[in-house]
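Structure record follows, encoded as structure tokens.
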Amino acid sequence: DGHVRVYHGHKANLTSKYVSRQKLCLAATTEFWVNDDQGMPYLVVTGELSEKLQEVILTLIIPQILTLAQIQNRKEKNEAVLFTLVFDREAYSPSFFMDLWKRFKIAVVTYRKNVKDNWDEKSFKPHQIQVIGNAVNKLLYEQEVILDGYPFREVRCLGVGGHQTAIITTNPEINMTTIASKMFSRWSQENFFKYMT
């Protein structure tokens, strides 16, 4: 997840951006936080304010994870999934997701953008998922979809009032409940840094 950090020094020549909490245009950088499977901090990468999450994933985050986790050997053994990145819509691009999968065997789990259809509510069945260590009951359904010419697994969660939350993934191994659990647990990262501050 990317978060703007206001720069308070005088020596750096940084891009300015409107910071809503201070209602001013201020010099800033972007911090990209990477947490582990349990929602605990794994690494943070500081980038230029103008950097996009896609660029940061390719040039900074993936190399750091490969180095820190020492998983190069797994890649050489051709295991199906090297690791899975879970993030919000900021880096949304079906072609980017498929590129990560084809080049690195890195899967993604993220929200789908621009959902215009609703699936039949009768298709949704109750499932128990784990959200930050708590058992939660959700109505889920999965099917394959084609986005920009690429096949994805899509899991939808039926909420109150018929709202459908759409989650897509390139991971062929994890089950539907795990996909929903990982996506809905992503907020633990926000909470950790909020309370730590």
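The values are calculated or read from the model by the stated rules, or taken from the named source; none is laboratory data. All of these numbers come straight from a predicted model, not from anything done at the bench. When we count neighbours, we look across all protein chains shown, and the Cβ atoms used for this are built from the backbone with ideal geometry, even at glycine. SASA here: full protein model, heavy atoms, side chains in, ligands and nucleic acids out. Shrake-Rupley method; radii C 1.70, N 1.55, O 1.52, S 1.80 Å.
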Pull out a ≥ b ≥ c, the square roots of the eigenvalues of the alpha-carbon gyration tensor of the chain, then state rounded if a/c is under 1.5, prolate if not and a/b is larger than b/c, and oblate in the remaining case.
-> prolate
Can you run phi through the Karplus equation (6.51, -1.76, 1.60; θ = phi - 60°) for segment 40-46 and list ³J(HN,Hα) in whole Hz, with x for Gly and Pro?
-> 8, x, 10, 7, 10, 10, 9
Taking the chain and counting helices only, DSSP H stretches of n ≥ 4 at -39,500 (n - 2.57) each over all residues, the nearest-500 ellipticity at 222 nm comes to -6500 deg cm²/dmol
Shape of segment 9-52, Cα gyration tensor, a/c cut at 1.5 = prolate
Accessible area per residue, Å², the chain with all protein chains present, probe 1.4 Å = 59
Cross-link pairs beyond the 29 Å C-alpha cut-off, checked among 102/125; 125/182; 17/116 | 102/125; 17/116
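Within the chain, what's the longest stretch lacking GluC sites (Glu not before Pro) that sit in DSSP loops with no more than 14 other Cβ atoms inside 10 Å?
Numbers: sites that count: 79, 173.
Looking at the chain, 80-172 is the longest stretch - no exposed GluC sites (Glu not before Pro) with at most 14 other Cβ atoms within 10 Å.
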Using a 1.4 Å probe over the heavy atoms of the protein chains, calculate the carbon and sulfur portion of the accessible area of the chain as a whole percent.
-> 50
With a ≥ b ≥ c from the Cα gyration tensor eigenvalues, square-rooted, and the rule rounded for a/c under 1.5, otherwise prolate when a/b > b/c and oblate otherwise, segment 94-189 is oblate
Please report the relative contact order for the chain, taking Cα pairs under 8 Å with a sequence separation of at least 6, and give it as a percent rounded to a whole number.
-> 16
